[in-house]
Amino acid sequence: MNTRPSPPGAERADESTVQIGALVPLTRPGWAEAGRHLLAGLELAVRDVNDAGGIVGRPLELVVRDTAADPQKGAAAVDELARLGVAALAGEYHSVVARAAAARADALGLPFLCSSAVLDALTEQPTEWVARLAPAQSHGWQIYADFLLTAGHSRIAVAADASVYWASGARILRDYLAPRGGTVTELDMRALAPAAVCDELVGDRATALLLLVGHPEPAVSIVKSVRHDQRLAGIMIGAPAGQPEFAEWATSLGDDSAAVPFLRYLPERLSPLGARVETALRERLAEAPSFVAFEGYDTIAVLADVLRSHGADRARIAAAWPRVAVEGTRGQISFSRAPGISVWQWAWTPVQVVDRDPAEPDRFRTLHTG
């Protein structure tokens, strides 16, 4: 099992193992901390599969490629992994990379189980080759919008970077809130310095600011500017994409890291399997595992079940998506065709809105469940 990205071209398909290609952001500008958690989940599940006898007696092996949040790098990795003979692809955190990887996997006829990326339009056209564990962005972000309304926020500002993912998020929020009396004002972070955001918020009379931006920057600078502006003492800062989930957020912001609600894909209470995996992930990571680590584990659990039942033939793996019924760490996993979603979708993983407790920033509070 590879614990670091293997050198390109270092492997060739080994008949004694069943290989799965793993797409993971491990270096900047990718969100490397998310990638580390995703890889920890993938690796732990591979270890558990092999400890239980592997795939009909053959060891399962990860062939890891660092995507670094680069769509071109992701697509090239899919091409290489397909040539190397992997049975399927797993992973990816960044939606823009997952979309490029899914397009290549569909074109090549390579099964891809996407772990973490949420963009609704993961492929342009419906495909049989791609399935996804993470909830579609429209599902999760509508739950977040419900949380905003329940908490009394109808005048929303979004500080938005330029990307298809952030644009999609802003559109979902606007379309959902408008019929319910809410407004969404978009602040273009290509044109505004973090300090200038404060003036815009005062003028707009927004009661909530959502961070649709990259981490650490400009997210950290925006939070510091808003938190330390006395005119904005009552404003809520939110981060639906989940930036506060990771320890790096708390390290960067200290006390300012608390009370920033975000989406997390975990149940209120873990099953016995989930609790066992949580303990093992905590040991592997030397910190509390994020929901992304559980997504990694569940990805391999599903692929291992399909490989045992249907073998390593790519077409048979893809044909098996609608027949999956696997106990995951966060519930029973099966795939279906969800309206408006072009891939086989788990509908749905549990969704929570949580934040870091101001009294104890290392502890999370559940504010809303979907």
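The values are calculated or read from the model by the stated rules, or taken from the named source; none is laboratory data. Nothing here was measured: the structure is a model prediction, and the numbers come from that model. Cβ atoms come from the backbone with ideal geometry, glycine included; neighbour counts cover every protein chain shown. Heads up: the accessible areas ignore ligands, DNA and RNA and are worked out on the full protein's heavy atoms, side chains in. Shrake-Rupley method; radii C 1.70, N 1.55, O 1.52, S 1.80 Å.
Below are the figures for this structure:
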quantity	calculated
Single residue of the stretch 331-351 satisfying the filter (open to solvent by less than 50 Å² (accessible area, probe 1.4 Å) and touching an Asp or Glu at 6+ places or on another chain (Cβ under 7 Å)) that is nearest to Thr127 (Cα to Cα)	Ile341
Selected residue (only one of Glu128, Glu43, Glu80, Glu92 is within 21 Å of Gly328 (Cβ to Cβ), surrounded by fewer than 24 Cβ atoms within 10 Å (Cβ to Cβ), at pLDDT 95 or above and touching a strand residue (DSSP E or B) at 6+ places or on another chain (Cβ under 9 Å))	Glu43
Tally, over the stretch 156-181, of residues that are closer than 27 Å to Leu122 by Cβ and touching a residue at least 12 places away in the same chain (Cβ under 8 Å)	17
Strands (runs of 3 or more DSSP E) within the stretch 150-225 that include 2 or more residues surrounded by fewer than 16 Cβ atoms within 10 Å (Cβ to Cβ)	183-188
Selected residue [open to solvent by 10 Å² or more (accessible area, probe 1.4 Å) and free of Cβ contacts under 8 Å to residues at least 40 places away in the same chain] from Arg276, Arg314	Arg276
Some residue of the stretch 145-155 being more than 23 Å from Asp120 (Cα to Cα), of a type in the set (A, V, I, L, M) and under 23 Å from the mean Cα position of the chain (by Cα)	no
Qualifying residue in the stretch 38-55 (condition: touching a helix residue (DSSP H, G or I) at 6+ places or on another chain (Cβ under 6 Å) and outside any helix (DSSP H, G or I))	yes
Identity of the residue in the stretch 101-116, of a type in the set (Gly, Ala, Ser) and buried (at least 24 other Cβ atoms within 10 Å of the Cβ), that ends up nearest to Ala304 (Cα to Cα)	Ser115
Per-region count, the stretch 237-270, residues in contact with a Ser or Thr (Cβ under 7 Å, 6 or more places away or on another chain) and of a type in the set (Ser, Thr, Tyr)	1
